[in-house]
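Working notes, beginning with the structure itself.
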Amino acid sequence: MPGASEVAHLTDRHPTVTPERLIAELVPPPTFAEVSFDSYRPDPNEPSQAAAVVSARKFCEDAIRQRAGKKKLFGKREALPGVGMYLDGGFGVGKTHLLASTYYTLAGANAGPAAFATFGELTQLAGVFGFTECIELLSDYVVVCIDEFELDDPGNTTLISRLLSALVERGVSIAATSNTLPEQLGEGRFAAQDFLREINTLSSIFTTVRVEGPDYRQRALPSAPVPPSDEQVRSWAVGVDDATLDEFDALCAHLATMHPSRYHALIEGVQQVFITGVHVVYDQSVALRLVSLIDRLYDAGIPVVASGEKMNTVFSDEMLAGGFRKKYLRATSRLLALTHEGTQLHA
């Protein structure tokens, strides 16, 4: 049997992402590749969930109508301004399911191409192509779907406000999910009051749709289990094809060497991720990069096996009390689901 040293390591990977790949990846992640409005199962105790399905279907109808536009002289048509839908609610209530369903509904409506991206991927797209080129690139789309809309810094606030406003003017509709109401974006992260104009512009684009309910990922899961030992994690990794094995601090340091938009390519082809020595994170930059990796692992449905601290204690109490509280709680929920699945595979 090969030794643990022969197991692949994420820290040995240095992916690059071409502009062509960025365009090709403007689709929902594999976890949501087969979803639809019909497959969404509203919680009967949470009427806002069934109402959100109705709102999302209407948004699709409105987006198609606006894209078709109005007739001008000589039979030509001019696109009307796009519409906006903002799915707001806690984590684990099915917002991404609804967003992906919106994407597939409009992508199949012959009204134009559809795009699906995380907020970070959208900002990276603008960085790679340039602001004007990004507008030209996306202006033919019927909809741009943005998952986990966040404004983490003033630069992103100004960039995204201008970008989305320009797209809406050209008939592109915008659908987004977030855990933060539009008028509260940026709150607790930077001096949001200095960017009220941009934040108010973003808020005016969207009609907010609330999606209430408990985190579905945790309904059937026990509390965070005692993690396996480092030795168990290493031995289990040896017996799994296309697995990676990394030490937690080394992996966190490696994540700092690349833009989070490359994390999808970093885990490409990986079937299980094994990590030793997980501990509480106190540095916010490290924590936010870890959130991005957890999101990509969850999107790809890659189980995680980790030793060290319990997975519900990775983010410090100070961080959970700060401006990124909801982001860290979402990541914790997803990490618990992934590690529960990973542990079950080796039980």
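The values are calculated or read from the model by the stated rules, or taken from the named source; none is laboratory data. Predicted model, so just to flag it, every value in this text is computed and none were measured. So basically every Cβ, Gly included, is an ideal-geometry build from the backbone, and we count neighbours across all protein chains shown. Only protein heavy atoms, including side chains, enter the accessible area calculation; ligands, DNA and RNA are left aside. Shrake-Rupley method; radii C 1.70, N 1.55, O 1.52, S 1.80 Å.
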Inset, instruction - Test VAL17 against the stated conditions and say whether it is at pLDDT below 90, aliphatic (A, V, I, L, M), in a loop (DSSP other than H, G, I, E, B) and buried (at least 16 other Cβ atoms within 10 Å of the Cβ). - result: yes
Inset, instruction - Report, ordered by the first and then the second residue, all pairs with beta carbons closer than 7 Å, sequence separation of six or more or different chains, a first member in segment 44-62 that is within 14 Å of GLY94 (Cβ to Cβ) and surrounded by 14 or more Cβ atoms within 10 Å (Cβ to Cβ), and a second member that is β-branched (Val, Ile, Thr) and at pLDDT 95 or above. - result: ALA56/THR102
Inset, instruction - May I ask you to verify whether LEU251 is under 16 Å from ARG234 (Cα atoms), out of contact with any strand residue (DSSP E or B) (no Cβ under 6 Å at 6 or more places or on another chain) and buried (at least 19 other Cβ atoms within 10 Å of the Cβ)? - result: yes
Inset, instruction - From ILE160, ILE135, grab the single residue that is assigned to a helix (DSSP H, G or I) and at pLDDT below 85. - result: ILE160
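Filtering segment 226-247 down to residues that are in contact with a Leu (Cβ under 9 Å, 6 or more places away or on another chain) and not hydroxyl-bearing (Ser, Thr, Tyr), which residue is most open to solvent (accessible area, probe 1.4 Å)?
Across segment 226-247, the extreme among qualifying residues is ARG234.
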Inset, instruction - Select from segment 279-338 the residues that are of a type in the set (Ser, Thr, Tyr) and under 30 Å from GLU34 (Cα atoms) and list them in ascending order. - result: SER292, TYR298, TYR328, THR332, SER333
Inset, instruction - May I ask you to say which residue of PRO228, PRO214 is farther than 19 Å from THR339 by Cα and not in a helix (DSSP H, G or I)? - result: PRO214
Inset, instruction - Could you please find all residues in segment 288-347 being open to solvent by 50 Å² or more (accessible area, probe 1.4 Å) and either among the aliphatic types (A, V, I, L, M) or over 23 Å from TRP236 (Cβ atoms) (or both)? - result: ARG289, ASP317, GLU318, ALA321, ARG325, LYS326, LEU345, ALA347
Legend entry - Subset of segment 103-133 [in contact with a Leu (Cβ under 9 Å, 6 or more places away or on another chain) and open to solvent by less than 20 Å² (accessible area, probe 1.4 Å)]: ALA114, ALA115, PHE116, ALA117, PHE119, LEU122, LEU125, ALA126
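For (1) over 22 Å from VAL209 (Cα atoms); (2) modelled with pLDDT of 90 or more; (3) over 21 Å from the mean Cα position of the chain (by Cα), each residue gets a yes or a no:
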{"site": "ALA50", "(1), (2), (3)": "no, yes, yes"}
{"site": "ASP62", "(1), (2), (3)": "no, yes, yes"}
{"site": "GLY75", "(1), (2), (3)": "yes, no, yes"}
{"site": "GLY82", "(1), (2), (3)": "no, yes, yes"}
{"site": "PHE91", "(1), (2), (3)": "no, no, no"}
{"site": "LYS95", "(1), (2), (3)": "no, yes, no"}
{"site": "GLU121", "(1), (2), (3)": "yes, no, no"}
